[in-house]
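These notes concern the structure reproduced below.
The values are calculated or read from the model by the stated rules, or taken from the named source; none is laboratory data. Being a predicted model, the structure only gives us computed values, none of them experimental. In this analysis, Cβ positions are derived from the backbone assuming ideal geometry, glycine residues included, and neighbour counts consider all displayed protein chains.
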Amino acid sequence: MTTSDPSTAETIEPAALFEKRGHVGVITLNRPKAMNAVNSALSVAAGGALAQAQEDPEVRVVVITGAGRGFCAGADLKELARGNRIDDREHPERGFAGLAQHFVGKPTIAAVNGYAMGGGTEIMLACDLAVIDETASLGLPEVKRGLFAAAGGVLRLQRQIPQKVALEVILTGEPMSAARAHELGLVNRVAPQGTALEVAVELAELIAANAPLAVQQSKRVVHESSSAGSDWGPEVWAINKDALKIVFSSRDAKEGPTAFAEKRAPVWEGR
């Protein structure tokens, strides 16, 4: 939705858009003239859209992409130079862009449609899965500006690729190609030029076709157990047991085998 000021006849677009495509929610960072650089308006709008997606029972998977030819150019340095904040004052816990520390129980997929250095890479790292345009590149160039990737880049990159490779990216500030990111397992798919969103939505639809509660609990177990130590230890199995109780006692757990036996598509309720 857009708003218009009659006195100026100027149309102001929201800094992030939200739409539903079936069971897939699509959040679009919407400052294309600024390569979707993050200011406070974008942080508020994007964080609010993610919260909306989390609360909507019809949304099973969330895709995050950028308007125009870029995914996200990182922080809006012009705003910072003016001394302006770029976060959401009402929800500082959501972190950079309203997304970097904003955990939701539903799977998230970054559709990296273009330029995604710095903060753009950090948003991608915060997502569960990622699809990248074959012409796009990733990187954390903050050290070239006397800064460091404080919105999750330094924390997350080393968890998602080998540490020595992560350190090279972090300490040199040099970009990484889409092909190299895929080779390292940093992204799931490389999309033909101009199709990152389309490919990401296709991937989202594959996930959304599965039982929502089972998907969400599977995501929770992965994240909560990743730092819990040995997979033989009691801590990880306690996390697994909690999820087992929730999923196996659900109506969907009965519907799945019933639909299979009746040779029909399951009708999921998410409970």
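Worth a mention:
- One residue stands out in region 115-161 among those that are of a type in the set (D, E, K, R) and more than 17 Å from the chain's Cα centre (by Cα): the one that is surrounded by the fewest Cβ atoms within 10 Å (Cβ to Cβ), namely Arg145.
- Taking each residue of region 208-231 that is within 26 Å of Val26 (Cβ to Cβ) and looking for partners that are of a type in the set (S, T, N, Q) and buried (at least 19 other Cβ atoms within 10 Å of the Cβ) with beta-carbon atoms closer than 9 Å, six or more apart or interchain, yields Ala211/Ser250; Leu213/Ser250; Ala214/Ser250.
- Close Cβ contacts (under 7 Å, 6 or more residues apart or on different chains) running from residues in region 234-253 that are touching a residue at least 24 places away in the same chain (Cβ under 8 Å) to residues that are β-branched (Val, Ile, Thr) comprise Ala243/Val221; Ala253/Val247.
- Residue satisfying all of: in region 125-163; in a helix (DSSP H, G or I) and in contact with a Leu (Cβ under 7 Å, 6 or more places away or on another chain); farthest from Leu50 (Cα to Cα) among these: Val143
- Within region 81-88, at least one residue is at pLDDT below 95, more than 25 Å from Arg189 (Cα to Cα) and not in a loop (DSSP other than H, G, I, E, B).
- Helices (runs of 4 or more DSSP H) (entirely within region 176-271) containing at least 1 residues that are in contact with a Cys (Cβ under 6 Å, 6 or more places away or on another chain) and closer than 20 Å to Leu138 by Cβ: none
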